[in-house]
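For reference, the structure discussed in these notes is given below.
The values are calculated or read from the model by the stated rules, or taken from the named source; none is laboratory data. This is a predicted model, so every value here is computed, not measured. So basically every Cβ, Gly included, is an ideal-geometry build from the backbone, and we count neighbours across all protein chains shown. These area figures cover heavy atoms from the full protein model, side chains too; ligands, DNA and RNA do not enter into them. Shrake-Rupley method; radii C 1.70, N 1.55, O 1.52, S 1.80 Å.
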Amino acid sequence: SLTMRDYFLVVGGIIIALVVSLILLVRTKKGEYAYHWLVLKMPIMGELFKRVAVSRFSRTFATLIKSGVPILAALEIVAATSGNRLIEEAINNARQSVQKGESLSEPLSRSPVFPTMVTRMIGIGEKSGALEALLEKIAEFYDQQVEAMVSSLTSLIEPLMIGLMGAIVGGVVIAILMPIFEIQKSVMKKK
């Protein structure tokens, strides 16, 4: 408390400078890429974000193909709406490969973003001619995965919140009682 009282402007200035520098860093191309990489690599939430992205990719791509949009244009649209630089880069790489005559599943399988099951199902969909149907199945599967993961995270958050509230209340109680004990000790010493 003494540090905060005596050096409030310095501590506040450092915090503001860190926040502003992080915002400016994320606005650069490399900073944005690093931020999106970090989001996908986060311990628990990263897997959730990856599953949401795969579901969104599959559903949007299936809808565009079903509507009659050519695959290259659909890939361009899906890449632009992905919301994550790594996923956008993987889709754009796949688009370039498809332009060269390769299959869609090959470049996606080289990307760490798309799981093996997804790329294999896309490969099967390409060979069988039922790409939109399999993309919809992938989207449904990952929607269920996201729903299950969110419900399990919700059940984990409740005990964490109770523990956090207990720690805050305990900290406040200690902050109130410690001065009282110190006063009592000084009174006992004088007697």
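Add +1 for every Lys or Arg and -1 for every Asp or Glu among the other residues with Cβ under 12 Å from the Cβ of I183, and state the total. It works out to a net charge of +2. Using the 1.4 Å probe convention, the accessible area of the chain works out to 68 Å² per residue with neighbouring protein chains retained. Take every Cα pair under 8 Å whose residues are at least 6 apart in sequence, average their separation, divide by the length of the stretch 1-97, and the relative contact order is 20 percent.
Given their separation in residues at 0.36 nm each and the Cα-Cα distance between them, L72 and A17 gain 15.5 nm when the chain is fully extended. In this view, the solvent-accessible surface of L2, computed with a 1.4 Å probe and all protein chains in place, comes to about 110 Å². Close Lys pairs in the chain, defined as Cα atoms under 21 Å apart and 8 or more places apart or on different chains, number 10. Sorting 118-125, 169-176 by average packing, meaning the other beta carbons within 10 Å per residue, from highest down gives 118-125, 169-176. At full extension, A167 and M188 could sit 4.5 nm farther apart than now, given 0.36 nm per residue minus the alpha carbon distance. Scoring 89-100, 16-27 by mean Cβ neighbours within 10 Å over their residues and listing the highest first yields 89-100, 16-27.
Measuring nothing but protein heavy atoms, the accessible surface of the chain at 1.4 Å probe radius is 67 percent carbon and sulfur. Against the chain, whose longest principal axis comes from its Cα atoms, helix 71-80 is set at around 10 degrees.
Of the Cα atoms belonging to the stretch 6-108, the radius of gyration and Dmax stand at 18.6, 67 Å. Fully extending the segment from A148 to E106 would add 12.2 nm, taking 0.36 nm per residue of separation and subtracting the current Cα-Cα distance.
Average 1/r across all pairs of distinct alpha carbons in the chain, invert it, and you get the Kirkwood radius: 20.8 Å.
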